Amino acid sequence: MALFTVKRLGISLTNLISKFKEINVAHVQKRNLNLHEHHSFKLLHEAGVPVPKFAVSSSKSDVAAKAKKLNTNDLVVKAQVLSGGRGKGSFKGGLKGGVKLVNSPEEAEKVAGQMIGDYLVTVQTG
């Protein structure tokens, strides 16, 4: 498709490539698509790709109920931030790490309560 378009514009491929070399990278528009992990899981699930069972909560009050619906005591509570290094980060409130393994819905509620509404500091967020 690209070669067809280049020919129709009357530009040789060599000329087109040479023009790209002249472009100042700082002035080139950059687009990124960043998704939270739970959005990615939802899209994959809807496309028929197997993903782990998960639940999302924005308040401490419903964490235990959602965790119970997952029907397991092997749970992972993850802060949903658009930043790498969640596991190595720490919250301003004192909690270390944005990824926690817990063994009960009640423990999930306690840990989530320390995460929700707090600020996670990572290498990327500063």
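The values are calculated or read from the model by the stated rules, or taken from the named source; none is laboratory data. Remember, predicted model here, so these are calculated numbers, not experimental data. So basically every Cβ, Gly included, is an ideal-geometry build from the backbone, and we count neighbours across all protein chains shown.
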Starting from region 102-126, keep only residues that are in contact (Cβ under 8 Å) with a residue 12 or more places away in the chain and under 20 Å from LEU75 (Cβ atoms), then list their pairs with residues that are of a type in the set (S, T, N, Q) and assigned to a loop (DSSP other than H, G, I, E, B) whose Cβ atoms are within a distance under 6 Å, requiring at least 6 positions of separation or different chains.
-> ASN103/ASN73; SER104/ASN73
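Would you say LYS21 is over 21 Å from the mean Cα position of the chain (by Cα), at pLDDT below 85 and in a helix (DSSP H, G or I)?
yes
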Inside region 30-62, can you point out the residues that are touching a helix residue (DSSP H, G or I) at 6+ places or on another chain (Cβ under 8 Å), hydrophobic (A, V, I, L, M, F, W, C) and farther than 24 Å from THR122 by Cα?
-> VAL51
If we keep only residues of region 51-72 that are exposed (fewer than 15 other Cβ atoms within 10 Å of the Cβ), of a type in the set (S, T, N, Q) and closer than 17 Å to HIS36 by Cβ, then the residue nearest to the chain's Cα centre (by Cα) is SER58
Filter pass, GLY48 being loosely packed, with under 15 Cβ neighbours inside 10 Å and on the phi > 0 side of the Ramachandran plot = yes
Just a yes or no: is a residue in region 91-107 over 15 Å from the mean Cα position of the chain (by Cα), over 26 Å from GLY126 (Cα atoms) and surrounded by fewer than 12 Cβ atoms within 10 Å (Cβ to Cβ)?
-> yes
